[in-house]
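Every read-out reported here was derived from the displayed coordinates using simple, explicitly stated rules and does not represent laboratory data. Quick caveat: nothing in here was measured; it's all calculated off a predicted structure. Please note: Cβ atoms are built from the backbone with ideal geometry, for glycine as well, and neighbour counts cover all protein chains shown.
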Amino acid sequence: MIVGERKPFEEIQSLLRGYKKILLAGCGTCVKVCFAGGDKEVAVLASQLGIANNKAGVKARIDQVTIERQCENEFIDEAARALNGHDCIMSMACGAGVQMLAARFPHLPVLPAVNTTFLGLLDKQGMFLENCQGCGDCVLGRFGGVCPVTRCSKSLFNGPCGGSASGVCEIDPSVPCGWQEIYDRLKALGRLDTLEQTEPPKNWASARHGGPRKLIREDNIL
Ligand code: SF4
Ligand code: SF4
């Protein structure tokens, strides 16, 4: 899933300064699961803004809506119905959701309330780990299901660097060495032999270094 975290309250206040009719738009998918921008976080932010505005004597209307998936146009009709009379939308979705709303409502400012951080998973309660950089040419099948691009701090493909010690990465002792994880996983699978082959240089043409990417599925085009 896409993992994000809510921006600091002061930054949100600064983005909203001057707007009097604000629609807070949450997203019911990834950012809800990582507690950054679902319906509960929308309600908390609305309440924080209300209290801060009352204290400062600022008069502003703050309404709420949570869209099942902000990155899909068909779900945005819900927001369209709630939009009447607002002078800005603050989106609590990931960057894709914010841009989808901005494209759908070009006459309205659409502001982000969340910092989109990475593609990852819930490791344990309250801790999310990055495990995919969307490189467009997945090599997990050759590395025991552990991503060398993401889980190794240097994105090494042919074994660990000289700094790997006691299972942790030299970059940060709180980070497990991705190559230790690859080795342990392949050992458990009885597939350590795959490490005897030299991995050729990765073709990064499918990654994002050439600019924004697109995926075209001819079979899905109407
Ligand atoms: S190899 Fe690429 S697509 Fe596969 S998990 Fe790693 S970054 Fe993601
Ligand atoms: S210590 Fe391990 S994870 Fe860190 S850069 Fe070296 S090989 Fe990669």
Quiz item: Among Thr116, Thr194, which comes first, then next, by fewest other beta-carbon atoms within 10 Å?
Solution: Thr194, Thr116
Quiz item: aspartates and glutamates near Lys21 by alpha-carbon distance under 20 Å, same-chain residues fewer than 8 away left out - which ones?
Solution: Glu10, Glu11, Asp39, Glu41, Asp63, Asp77, Glu78, Asp87
Quiz item: Residues with beta-carbon under 10 Å from that of Val146, excluding Val146: net charge, scoring Lys, Arg +1 and Asp, Glu -1?
Solution: 0
Quiz item: Once the Cα atoms of helix 95-104 and of the chain are each reduced to a long axis, what angle between those two axes, in degrees from 0 to 90 to the nearest 10, is obtained?
Solution: 40
Quiz item: Over the Cα atoms of the chain, how large are the radius of gyration and the largest Cα-Cα distance (Dmax), in Å?
Solution: 21.8, 69
Quiz item: Taking the Cα centre of each part, how many Å lie between segment 140-190 and segment 49-78?
Solution: 42
Quiz item: Which net charge results for the neighbourhood of Asp193, defined as the other residues with beta-carbon distances under 15 angstrom from its beta-carbon, given Lys and Arg at +1 and Asp and Glu at -1?
Solution: +2
Quiz prompt | Size of charge dipole - segment 2-118 - debye, nearest 20, with Cβ of Lys, Arg +1 and Asp, Glu -1, no other charges | solution = 440
Quiz item: Cα axis of helix 39-56 to longest principal axis of the chain: angle in degrees, 0 to 90, nearest 10?
Solution: 50
Quiz item: Got a sec to turn the phi values of segment 74-83 into Karplus ³J(HN,Hα) couplings, 6.51 cos²θ - 1.76 cosθ + 1.60 with θ = phi - 60°, whole Hz, x for Gly and Pro?
Solution: 5, 8, 7, 4, 4, 5, 4, 5, 7, 6
Self-check item: Cα-based equivalent ellipsoid of segment 2-118: semi-axis lengths in Å, sorted from largest, via gyration tensor
Solution: 21, 16, 12
Practice problem: May I ask you to sort Cys161, Cys27, Cys135, Cys71 by Cβ crowding, counting other Cβ atoms within 10 Å and putting the fewest first? | Solution: Cys161, Cys135, Cys71, Cys27
Self-check item: Karplus-derived HN-Hα couplings along segment 118-134 (A = 6.51, B = -1.76, C = 1.60, θ = phi - 60°), whole Hz, x at Gly and Pro
Solution: 6, 8, x, 9, 7, 7, 8, 3, x, 10, 10, 10, 6, 9, 8, 10, x
Quiz item: Which residues' amide hydrogens lie under 5 Å from the amide hydrogen of Met90, considering only partners 5 or more residues apart or on another chain, with H built in the peptide plane?
Solution: Leu23, Leu24, Ala25, Leu111
Self-check item: 27 Å Cα-Cα threshold exceeded, pairs from Lys32/Lys55; Lys20/Lys40; Lys32/Lys187; Lys55/Lys124
Solution: Lys32/Lys55; Lys32/Lys187; Lys55/Lys124
Quiz item: When the Kirkwood hydrodynamic radius is evaluated over all pairs of different C-alpha atoms of segment 124-222, what value in angstrom, to one decimal, is obtained?
Solution: 15.2
